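Below is one structure, written out as structure tokens; comments come after it.
The values are calculated or read from the model by the stated rules, or taken from the named source; none is laboratory data. Predicted model, so just to flag it, every value in this text is computed and none were measured. Using ideal geometry, Cβ is built from the backbone for each residue, glycine included, and neighbour counts are taken over all protein chains shown.
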Amino acid sequence: MKEKSQEYDNKSADSQRIREPAHFDLLSQMPSLFDEQNVFVQPASYLDSIIVGNCEQVLDALPDNCVDLIVTSPPYADQRKSTYGGISPDRYVQWFMPKADRFLRVLKPTGTFILNIKERVVDGERHTYVMELVIEMRRHGWFWTEEYMWHKKNSHPGKWPNRFRDNWEHLFQFNKTKKFKMFQENVMVPVGDWAASRLKNLSETDKQRDNSRVGSGFGKNISNWVGRDMVYPNNVLHLATECYNRQHSATFPVALPEWFIKLFTEAGDLVLDPFNGSGTTCVAAKRLNRRFLGIDLSEEYCRKALERVVREEVGSHINQDEKQ
Ligand SMILES: C[S@@+](CC[C@H](N)C(=O)[O-])C[C@H]1O[C@@H](n2cnc3c(N)ncnc32)[C@H](O)[C@@H]1O
């Protein structure tokens, strides 16, 4: 098998330079990203980097099994044609799978892939490309471990003749093996108001394991929750959208990648977003002290993403200085 280089290929780096506008002050605080003519140079390493390019080609330069978590939101079929092109829903699976194969190769056996996606409506019905994609991913060796849902807390009302507003999106969890890293304690939530009234006067049944009456094998012992302040969350994330001020038309909120980064990685682990956009995943990774790699076709988005990450860096120094 072909040896993969740890370092990003310098030849392709040379062919992908970005000119640096003078007003981009914050970036000058990362001098390693500029050559002597103050021209942005693709990073020599894939760690803590934002790289312009097609994720297929960029990932081909990475070694096998080097990424701990992939969190991404690819272009949805035929959406945002005017900003970064659309993919026909009928061709979506064909477009996505060569990329998914690369994600599988670079992901560690203990790693996780979170895919944020949504079906569009075509000719009055939901297109089935998302379902077809899940089935094809399984054929290519992925385990479809779980589905989380992103409930968009802040959507405004709308009116359609035959449906209501789209108010949620899929967050599919795929894994390479069934033994992936997971740190459930990192995302625990307050037990909630129900506990005060429900746990006040426990019946005898509440104090024993109450097995499911439909014979599912599941059971619960309500008294286990007495005295607990924090409990495990469910698989719905209630998060507001954050499209403002990011100069990108399809951002997800920082809290979304943050939640999965806490759940599936440890400090120092590598988080990849192969459709990086404005760099939300990289910002979350940086905040949580993880390494990051963001890839995007658009030079303009990479520049914005880099600016956001640098602001994070500068901000964290400021916070540290304030603490001292
Ligand atoms: C939905 S947006 C991602 C938004 C991102 N989650 C954020 O918060 O800003 C999808 C991005 O994928 C990029 N893209 C499309 N095809 C790509 C490819 N083959 N390789 C890398 N990036 C690609 C687009 O330029 C776009 O910025």
Residue match in segment 6-14 (condition: farther than 22 Å from VAL310 by Cα, modelled with pLDDT under 60 and within 16 Å of the ligand (Cβ to nearest atom)): yes
Candidates GLY124, GLY111, GLY141, GLY86, filtered to the one that is surrounded by 18 or more Cβ atoms within 10 Å (Cβ to Cβ) and of a type in the set (Gly, Ala, Ser): GLY111
Test: PRO89 is modelled with pLDDT of 90 or more and either more than 9 Å from the ligand (Cβ to nearest atom) or at positive phi (or both): yes
Residues that are under 22 Å from VAL122 (Cβ atoms) and of a type in the set (Lys, Arg), drawn from segment 148-197: LYS152, LYS159, ARG163, ARG165
Residues of segment 144-197 satisfying the condition of being part of a helix (DSSP H, G or I) and polar (S, T, N, Q): GLN184, ASN186, SER197
Single unsatisfied condition, PHE113 versus (1) at pLDDT below 95; (2) closer than 23 Å to ASN289 by Cβ; (3) not polar (S, T, N, Q): (1)
Pick from segment 255-298, criterion of a type in the set (Asp, Glu) and more than 10 Å from the ligand (Cβ to nearest atom), ranking: surrounded by the fewest Cβ atoms within 10 Å (Cβ to Cβ): GLU266
Tally, over segment 226-239, of residues that are at pLDDT below 85 and either assigned by TED's automatic domain parsing to the domain that holds ARG287 or not β-branched (Val, Ile, Thr) (or both): 2
Lone qualifier among TYR129, TYR148 - being surrounded by 11 or more Cβ atoms within 10 Å (Cβ to Cβ) and more than 14 Å from TYR92 (Cβ to Cβ): TYR148
